[in-house]
Amino acid sequence: EPEVTQTPSHQVTQMGQEVILRCVPISNHLYFYWYRQILGQKVEFLVSFYNNEISEKSEIFDDQFSVERPDGSNFTLKIRSTKLEDSAMYFCASMGTGTEAFFGQGTRLTVV
Amino acid sequence: KNEVEQSPQNLTAQEGEFITINCSYSVGISALHWLQQHPGGGIVSLFMLSSGKKKHGRLIATINIQEKHSSLHITASHPRDSAVYICAAQKTSYDKVIFGPGTSLSVIP
């Protein structure tokens, strides 16, 4: 069974620090996404990525966020200067042709 | 108004009961997803539907495109089915999915 893997599973960081969340999507998928879920709330879309560029981003995805596919396998989300309100579960997802979305197990980010 | 709504918000059932979770959406879609989220937080895709009905084990998902409504049924429910079930709409192929608020299901032995 193919799967999306995310690392780390849990990250604690000081406010103002940069964090990089990593994802390995399913190998033949071409569409990649980041979502986040603040504790007790529903999952929200952050950004979608296709053909090495952002195809859509939400209002949440401001200048402190960036995404990259540096080596053709990893898909990363960088938060430049973390704030307390960035504490959330971050999910990576990938989609192939005609397939459902496959989600990673998430990275729980805690900003202190 | 939320584009994807679910009911009920919380559901408690006795083991063995037949369970139905409902989803309604207000946007045109290319696909409707049902997802499961366990207490640890990970999300698992259960179904992707664009029409009709799909079945996997004890889970059945149906969709009525005209009424913009989908249901997830669980037959012979078991405590291990306890989780949050999320409906999510996808407007066009490869578009982001728009998540509903989730239904928290607890199945009691």
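The values are calculated or read from the model by the stated rules, or taken from the named source; none is laboratory data. A quick note: this is a predicted structure, and the numbers were derived from the prediction, not measured. Note that each Cβ is placed from the backbone with ideal geometry, even for glycine, and that neighbours are counted across all protein chains shown. Ligands, DNA and RNA are stripped out before the accessible areas are found, and what is left, the full protein with its side chains, is counted by its heavy atoms. Shrake-Rupley method; radii C 1.70, N 1.55, O 1.52, S 1.80 Å.
Couple of notes before you dig in:
- Verdict on A:Lys78 being in contact (Cβ under 8 Å) with a residue 40 or more places away in the chain, open to solvent by 70 Å² or more (accessible area, probe 1.4 Å) and either away from chain B (no Cβ under 11 Å) or acidic (Asp, Glu) (or both): no
- Residue count for region A:20-41, restricted to those that are within 11 Å of chain B (Cβ to nearest Cβ) and part of a loop (DSSP other than H, G, I, E, B): 5.
- Looking across region B:5-45, the residues that are among the small types (Gly, Ala, Ser) and at pLDDT 95 or above come down to B:Ser7, B:Ala13, B:Gly16, B:Ser24.
- Selection from region B:79-102 of residues that are touching a strand residue (DSSP E or B) at 6+ places or on another chain (Cβ under 6 Å), more than 14 Å from chain A (Cβ to nearest Cβ) and open to solvent by 20 Å² or more (accessible area, probe 1.4 Å): B:Pro79, B:Ser82
- When the test is whether a residue is among the polar types (S, T, N, Q), farther than 27 Å from B:Thr92 by Cα and either modelled with pLDDT under 90 or out of contact with any helix residue (DSSP H, G or I) (no Cβ under 6 Å at 6 or more places or on another chain) (or both), A:Ser94 does not pass it.
- Taken across region A:53-62, residues that are of a type in the set (Lys, Arg) and at pLDDT 95 or above do occur, with at least one present.
- Here A:Gly106 passes the criteria (1) touching a residue at least 24 places away in the same chain (Cβ under 8 Å); (2) at negative phi; (3) not aromatic (Phe, Trp, Tyr) except the one numbered (2).
- Scanning region B:17-49 for residues that are in contact (Cβ under 8 Å) with a residue 12 or more places away in the chain, surrounded by 14 or more Cβ atoms within 10 Å (Cβ to Cβ) and of a type in the set (Gly, Ala, Ser) gives B:Ser24, B:Ala31, B:Ser45.
- Flag for A:Glu44 being open to solvent by 10 Å² or more (accessible area, probe 1.4 Å), more than 8 Å from every other protein chain (Cβ to nearest Cβ), of a type in the set (Asp, Glu) and under 17 Å from A:Tyr90 (Cα atoms): no
- Taking region A:97-112 as the range and being open to solvent by 50 Å² or more (accessible area, probe 1.4 Å) and modelled with pLDDT of 95 or more as the test, the residues that pass are A:Arg108, A:Val112.
- Matching residues, region B:5-16, being assigned to a strand (DSSP E or B) and open to solvent by 40 Å² or more (accessible area, probe 1.4 Å): B:Glu5, B:Ser7, B:Asn10, B:Leu11, B:Thr12, B:Gln14
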